[in-house]
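Please read the structure below before turning to the comments.
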Amino acid sequence: RLPWEAAEYYRGHRVPERLEEALNTLFPLRPGDLYGELANYLSEFSKAPVICKLVGRKILDGVGQPTLEVELYCTVKNYEKRICSIVIASHSQIPENAFPETIEADEKERNDSVCTAVEWVNESLNTMLRDLEPTDQCQADKILGEYFANKVEEKKEIEKQEQEGKEEEAKVTLAPPSCPPAPTSKQKRGKPGKKMSGEEKRIPPAEPAESVLCGSLAIGGISLAIAKAGATISRVPLYLYIALLKHDQESPKEMTLPLPMVTLLNCEKNSPAKLKLVKEVMLIPPVELSLKQGIERVLDIQKEMTRVLESTGKMPYPPADSKRGKAHNSGKKAPPLPLKRISHLGCLTTGYDTLEQLLLLMQTACDNIGLELGTDVYLAINCAAHELMDYDRGKYEILTGTFKSPDEMVAMYVEMIDDFPFIIALIDPLRKEDRVQWSNICCALGSKCYVIAEDAATHISKLKTDQKINIAKCSGVVLKYINQTKVSDLIELTGILDGQRHITILGSPDGESSDESLVDLAVGLGARFLKLGGLSRGERVAKYNRLLAIEEELAANGTLREAKLEIDLPEKSQPEEKAPDVLPAPEQD
């Protein structure tokens, strides 16, 4: 009976037929490793791998903050096999000048969120996604989305019950309200000199920060891990797998690399220097150069900039009454602060008193190595204007003690781009609430400069559902893969932005990790720019190296297409602006 059952079993699975096909196919080839080639041939008939286990782990990111790692295991040919792992970058909405207690509360909240995410991955989501094929990204993201929506509803219900409990307690303990004394005529008038103008009163209040559900990192982490596993099982690079998902499995004939926005300087807004308007100065290589040539050019400028700064000593100085200033009270120039301080963005940290001072130094560094700003390299400025608003005055503080209204900011930017046409991108020049001014600045500068929303763009999930009102008018949007963002969300949103003729910029969060998946996402989604930070920290340099490797692959395959800039670039050798002969000298004791 047993031989008969075995024969029926194998015939039912067409084993004799396929063995005969394999032997007939391989005999003419006479492969050196016959059994290895037989295994390869028969593996085509094996079952598709399915997810068997997810492992969540709390690790540290590039700045020492806790974040989430997700490992994905599949059942492959009856055995459990580790397919891939990803690390999702952490992101904070706390500004540089936040109070210590705010920073401490944010760190506690981040730690709690990571611990909750690890619990979700290892328990409920591990069970829900078991036996799912990792190549089914849509189904995986649907499950993740429904799970997250249920968690949001659970939180709302808990908050509602807590609020009802507080109201009941208040009814029991509430004393009869006493009538407040009527304000005197003196109080009604208010203090002289404190009356706000009509324009200042009309400043829209800051919109509340997007709430982040504790544990939401698990959603983004698992979605990206499944995409990476799908690419591994399909034996294609992740960037091509993402492009196939976006274009309904139609392989693109050509692919364009995003242009890098390489951060050269990080100008801290809480430094002793007066200039507050600039947070990041970024270099954009011209499209005529290959990525490798562009990175080499940026490195040359970075080295020369460092040399110029060290030779001139033009770095922020301590205040005159600081201990350092008193120690050098000898009539000589105070020595500069140490230059080689690298920020978390992977670039030099510095500060300046005026925008002209900063740009003159940039021009000097480029001139010294035979490069011209506006021809051989372009600049992008991250203004981070949401950190500049003085709500008491209703104005932006662009320099220490210098304030401008939203309309004055628009006029200032128009003048800036006219004076310095080599600046081809402004990121967050205004708060997202100043929508009228966003429209005005885009109308005035849209043909010569990209006006990009980063903080001014709302959350990805709201951008998808409320496309018209939740995003200020702009040239493009910086998207970040954080929290509950899913791969399907990015694919859908970039399609929407493409249809609206907005450009897409993939941005690296503040707390970056060594995971390189962001670069593959940017290439696969067809992003115009990639904002990764500087070239001085391992977790950021790893991404530039990945971008260089993708360029080599596409060039070798003959599928690399040159990028384009859809703005009017400055003509070569623009008339030189009148600039000060020397930079302001350091304070003397």
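The values are calculated or read from the model by the stated rules, or taken from the named source; none is laboratory data. This one's a predicted model, so the numbers in the text were calculated from it and none came from an experiment. With ideal geometry, Cβ positions are generated from the backbone for all residues, glycine too; neighbour counts draw on all protein chains shown. Heads up: the accessible areas ignore ligands, DNA and RNA and are worked out on the full protein's heavy atoms, side chains in. Shrake-Rupley method; radii C 1.70, N 1.55, O 1.52, S 1.80 Å.
So, in the range 290-321, of the ones that are at pLDDT below 95 and of a type in the set (A, V, I, L, M, F, W, C), which residue ends up nearest to Cys347 (Cα to Cα)?
Per the stated criteria, the residue is Met305.
Anything in the range 350-381 that is assigned to a strand (DSSP E or B) and open to solvent by 10 Å² or more (accessible area, probe 1.4 Å)? List them, or say none. Please lay out each step first, then the result.
Taking the range 350-381 as the starting set, the residues that turn out to be assigned to a strand (DSSP E or B) are 350, 373, 377-381.
Passing the criteria: Leu373, Tyr378.
Exactly one condition in (1) open to solvent by less than 70 Å² (accessible area, probe 1.4 Å); (2) over 27 Å from Glu512 (Cα atoms); (3) of a type outside the set (A, V, I, L, M, F, W, C); (4) outside any strand (DSSP E or B) is not met by Glu146; state its number.
Unmet for Glu146, out of (1) open to solvent by less than 70 Å² (accessible area, probe 1.4 Å); (2) over 27 Å from Glu512 (Cα atoms); (3) of a type outside the set (A, V, I, L, M, F, W, C); (4) outside any strand (DSSP E or B): (1).
For the range 43-123, please list each of the strands (runs of 3 or more DSSP E) lying entirely inside it that holds at least 2 residues being of a type outside the set (Val, Ile, Thr) and open to solvent by 60 Å² or more (accessible area, probe 1.4 Å).
Values: elements: 50-60, 66-76, 79-88.
Passing ranges, in order: 50-60, 79-88.
Pairs, please: C-beta under 6 Å, at least 6 apart or cross-chain, first residue open to solvent by 30 Å² or more (accessible area, probe 1.4 Å) and in the range 412-437, second of a type in the set (D, E, K, R)?
Asp419/Glu577
Does Lys269 meet the test of being at pLDDT below 95, in a loop (DSSP other than H, G, I, E, B), basic (Lys, Arg) and touching a helix residue (DSSP H, G or I) at 6+ places or on another chain (Cβ under 7 Å)?
Values: at pLDDT below 95: yes; in a loop (DSSP other than H, G, I, E, B): yes; basic (Lys, Arg): yes; touching a helix residue (DSSP H, G or I) at 6+ places or on another chain (Cβ under 7 Å): yes.
Answer is yes for this residue.
Hey, could you check the range 126-174 for residues that are in contact with a Lys or Arg (Cβ under 9 Å, 6 or more places away or on another chain) and of a type in the set (D, E, K, R) and say which is farthest from Gln484 (Cα to Cα)?
By that ranking, first place goes to Arg130.
Any chance the range 17-27 includes a residue that's surrounded by 18 or more Cβ atoms within 10 Å (Cβ to Cβ) and outside any helix (DSSP H, G or I)?
no
If the Cβ limit is 6 Å and pairs must be 6+ apart or interchain, which residue in the range 529-552 that is outside any helix (DSSP H, G or I) pairs with which residue that is surrounded by 24 or more Cβ atoms within 10 Å (Cβ to Cβ) and polar (S, T, N, Q)?
From residues that are outside any helix (DSSP H, G or I), the pairs are Leu532/Ser508; Gly533/Thr263; Gly533/Ser508; Gly534/Thr263.
Any residue at all in the range 219-235 that is open to solvent by less than 10 Å² (accessible area, probe 1.4 Å), touching a Cys at 6+ places or on another chain (Cβ under 7 Å) and among the hydrophobic types (A, V, I, L, M, F, W, C)?
Checked against the condition, which is being open to solvent by less than 10 Å² (accessible area, probe 1.4 Å), touching a Cys at 6+ places or on another chain (Cβ under 7 Å) and among the hydrophobic types (A, V, I, L, M, F, W, C), the range 219-235 yields at least one hit.
Given (1) touching a residue at least 24 places away in the same chain (Cβ under 8 Å); (2) out of contact with any Ser or Thr (no Cβ under 7 Å at 6 or more places or on another chain); (3) within 30 Å of Leu289 (Cα to Cα), identify the lone condition not met by His247.
Only one criterion in (1) touching a residue at least 24 places away in the same chain (Cβ under 8 Å); (2) out of contact with any Ser or Thr (no Cβ under 7 Å at 6 or more places or on another chain); (3) within 30 Å of Leu289 (Cα to Cα) is unmet by His247, namely (1).
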